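Below is one structure; the comments refer to it alone.
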Amino acid sequence: MTAPLPLTIIGAGSIGQRHIGVAQDSPAVDLVAIVEPDETRRGDLAQHGLPMVAHLEAVPPETRAAIIATPTPDHWQITMDCLDRGWAVLVEKPTAHTVDAAQSLVDAATARGLPFFTGHHRRCHPFTIAARDHLRDIGDLVGVQGLWSLRKHASYYNAEWRRKPGAGPLMTNLSHEVDLLRFLLTDDITEVTTLLSSARRGFEIEDTAAVALRFSDGALGSILMSDAGASPWSFESGSYENPAIAGSGEDYLRFTGTAGALSFPSLTRWGPSDADEIEWSKPLQRHAPVPFARIDPILEQLTRFARVADDANVEDDVLCTGADGVKALEITMAAALSGRLGQPVRAGDVPGDFTGV
């Protein structure tokens with residue numbers, strides 16, 4: 001049996017503590033250190049027996065991998081510091097604060113021959129992996145429609161930065177949807193058009209964004225994002241993956257193709273009812289949802305990451321590579337730039353230093 005991978009987690013905020021929890025439960029890793037500069041938080045967690053340190057220099061030398069769960073502006077420097085130490089890295093999304101910064105991390109990891117991933121954990125659900133096969137059964141993609149709408153509680157906005165540009169659903173939540181679509185579909189997103197509204201909460205940032213997508217093969221898509229609208233439609237509520245968000249079991253993505261349709265995450269599929277031409281006068285046959293066991297995707301992501309970090313010969317086609325993380329960031333930035341300019345933006349036209357505001 002392979003020895004557990006010596007792992008350090010950097011950042012002990014809300015997402016960092018999710019990583020800490022699964023690392024404690026995982027036989028694949030040995031949690032040797034948690035880096036947290038905030039003295040009060042560090043002291044509180046140390047009282048629970050966690051291996052807390054204040055800075056990277058205090059991390060044990062046997063460390064071989066790191067998960068970075070700090071605020072986005074800190075991602076670039078901390079990731080570089082970890083790569084310079086020869087560690088494999090998984091950094092929370094977004095990879096960095098700009099496309100240029102994210103690409104430089106990919107280049108640095110490649111030059112050092114080190115595994116480097118972005119934490120888009122939705123890929124790790126069994127139903128997400130299976131969806132790629134089911135999408136092949138609906139013919140050529142015509143379009144995809146998504147609705148992510150969760151009303152965040154009022155106290156969420158007590159922190160001033162959550163009411164400022166860069167903290168709305170567009171920059172906070174859209175990158176998850178972008179990476180998921182890129183994972184599920186073989187064609188990439190080439191152009192984005194965004195409409196923004198702050199009418200419901202009245203903050204400086206948007207509370208609602210309508211995003212139109214163009215894919216490389218001509219398919220189109222749309223996603224409505226809102227943290228003001230109450231609904232049962234979101235990845236989190238549909239999948240029950242986040243214990244802090246009420247589950248509904250409702251689908252929130254619908255794919256239409258030339259030979260049928262698929263709703264997600266249930267994977268309910270609609271296909272031809274006979275061998276004749278598929279057209280609107282003929283009913284489609286409904287294929288019942290496929291049951292999947294619920295897992296903790298953060299734990300599954302950690303298990304996959306540990307396997308790759310521990311053995312240079314192991315490959316994983318589910319984890320979000322650094323390069324994929326850059327693409328998700330680029331499309332998210334394109335959406336933000338489109339909302340700012342009031343016009344369509346192609347992926348390659350996003351300035352490398354654009355921060356989304």
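What is the magnitude of the charge dipole of the chain about its Cα centre, with +1 placed on the Cβ of each Lys and Arg, -1 on the Cβ of each Asp and Glu, and no other charges, expressed in debye to the nearest 20?
About 780 debye.
Between the range 40-76 and the range 7-22, what's the alpha-carbon centroid distance in Å?
8
Distance from a point 7 Å along Cα→Cβ of D187 to each backbone N in the range 127-141: keep the residues under 20 Å and list them by number.
Flagged as within label range: 131-141.
Based on the alpha-carbon gyration tensor of the range 119-242 and its eigenvalue square roots a ≥ b ≥ c, which shape applies: rounded if a/c is under 1.5, prolate if not and a/b is larger than b/c, or oblate?
Note, shape of the range 119-242 comes out prolate.
What is the distance in Å between the Cα centroid of the range 208-222 and that of the range 169-192?
9
Would you mind working out the accessible area per residue for the range 225-357, using a 1.4 Å probe, and quoting it in Å²?
I get 49 Å² per residue for the range 225-357.
Just going by the charge dipole of the chain, with Lys and Arg at +1 and Asp and Glu at -1 on Cβ, which of G238, G21, T256 is farthest out on the positive end?
Selected residue: G238.
Have a look at the DSSP beta bridges in the chain and tell me what percent are antiparallel, nearest 5.
55
With a sphere of radius 13 Å drawn around the Cβ of L267, what net charge do the other residues whose Cβ falls strictly inside it have (Lys, Arg +1; Asp, Glu -1)?
That sum, taken over residues with Cβ under 13 Å, equals +2.
So which trypsin sites (Lys or Arg not before Pro) in the range 245-296 pass both tests, a DSSP loop state and at most 15 other Cβ atoms within 10 Å of the Cβ?
Working: sites: R254, R269, R286, R294; in loops: R294.
Sites meeting the loop and neighbour criteria: R294.
Which whole-angstrom value gives the distance between the alpha carbon centres of the range 285-302 and the range 90-145?
18
How many nm is it between the label spots at A54 and D107, if each spot is 7 Å from the Cα in line with the beta carbon?
Placing both labels 7 Å along Cα→Cβ, they lie 3.5 nm apart.
Using only Cα atoms and rounding to the nearest 10 degrees, what angle (0 to 90) does helix 14-25 make with the longest principal axis of the chain?
Taking Cα atoms only, the helix is inclined about 70 degrees.
Find, among the chymotrypsin sites (Phe, Trp or Tyr not before Pro) in the range 264-297, those assigned to loop by DSSP (not H, G, I, E, B) with at most 14 other beta-carbon atoms within 10 angstrom.
In loop regions of the range 264-297 (DSSP not H, G, I, E or B), the sparsely surrounded chymotrypsin sites (Phe, Trp or Tyr not before Pro) are W280.
Can you compute the modelled spin-label distance between Q24 and D317, with each label point 7 Å from Cα toward Cβ, in nm?
Inter-label distance under the simple model: 3.7 nm.
Which entry is the computed Kirkwood radius over Cα pairs in Å for this structure: [x] 20.6; [y] 22.7; [z] 21.4?
Only one option fits the structure, namely [z].
Grab the Cα-Cα distance for Q17 and R136, subtract it from 0.36 nm times how many residues apart they are, and report the gain in nm with one decimal.
39.1 nm
Keeping the other protein chains in place, figure out the carbon and sulfur percent of the accessible area of the range 91-227, with a 1.4 Å probe. Don't skip to the answer; put the middle values down first.
Numbers: 2830 of 5560 Å².
After summing per-atom areas, the C and S share lands at 51 percent.
Please give the net charge around L114, taking every other residue with its beta carbon less than 12 angstrom from that of L114, where Lys and Arg add +1 and Asp and Glu add -1. Before the final figure, lay out each step's value.
Values: positive: R64, R85, R112; negative: D84, D107.
Charge balance near L114 sits at +1.
Say we join alpha carbon atoms closer than 10 Å with springs in a Gaussian network model of the chain; which of E191, E57, E300 then has the biggest fluctuation?
In this elastic network of the chain, the residue with the biggest mean-square fluctuation among E191, E57, E300 is E57.
The values are calculated or read from the model by the stated rules, or taken from the named source; none is laboratory data. Given the structure is predicted, the values throughout are model-derived calculations rather than measurements. When we count neighbours, we look across all protein chains shown, and the Cβ atoms used for this are built from the backbone with ideal geometry, even at glycine. Accessible surface areas use protein heavy atoms only, side chains included; no ligands, DNA or RNA. Shrake-Rupley method; radii C 1.70, N 1.55, O 1.52, S 1.80 Å.
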